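Below you'll find the structure, written out as structure tokens, and then a few comments.
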Amino acid sequence: APEVSIAILRALLDEKQYAEALRQTESFGKRFADDSRRPEVALIRGKLVCLRFGRLTEALRAFDEALAVPLAAVREDALFSRGTCLHVLAGSAASQEAWRAYLKEFPDGPHAQEVQSHLAP
């Protein structure tokens, strides 16, 4: 069941078993393609491949998948994480568009002040 898969994923993350957690996100995507939580799992996958494995292209694809839904909480986190990933792996110039997209959609979001500091000259 998808609930069990997500519980396993969270346990793996808690135990810092990132490679196995990444495999769990991939398995979830294949086994539960129609599940409404798939964007949330894609967001977790994006963060993992960016921050733990340094794979920018794969991370951006996962963030795009997460952004395909209208859920504000998922979109906010995905836009912020996309900007962070671009900043960390590609440099501040590459992240500027992502930061502006975040502020356009979430001008008062929880990360707005941090994002504005990235855009400041």
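Before moving on, here are some points about what is shown:
- Any hit, the range 36-58, residues being among the aromatic types (Phe, Trp, Tyr) and touching an Asp or Glu at 6+ places or on another chain (Cβ under 8 Å): no
- Filter pass, Ala42 being within 22 Å of Glu20 (Cβ to Cβ), touching a Lys or Arg at 6+ places or on another chain (Cβ under 9 Å) and not acidic (Asp, Glu): yes
- Selection of the range 75-89 for residues being touching a helix residue (DSSP H, G or I) at 6+ places or on another chain (Cβ under 7 Å) and hydroxyl-bearing (Ser, Thr, Tyr) yields only Ser81.
Every number in this text was worked out from the coordinates using simple rules, so none of it is lab data. Small disclaimer: the values here were computed from a predicted structure and weren't measured. Every residue, glycine as well, gets a Cβ built from its backbone with ideal geometry; the counts of neighbours run over all protein chains shown.
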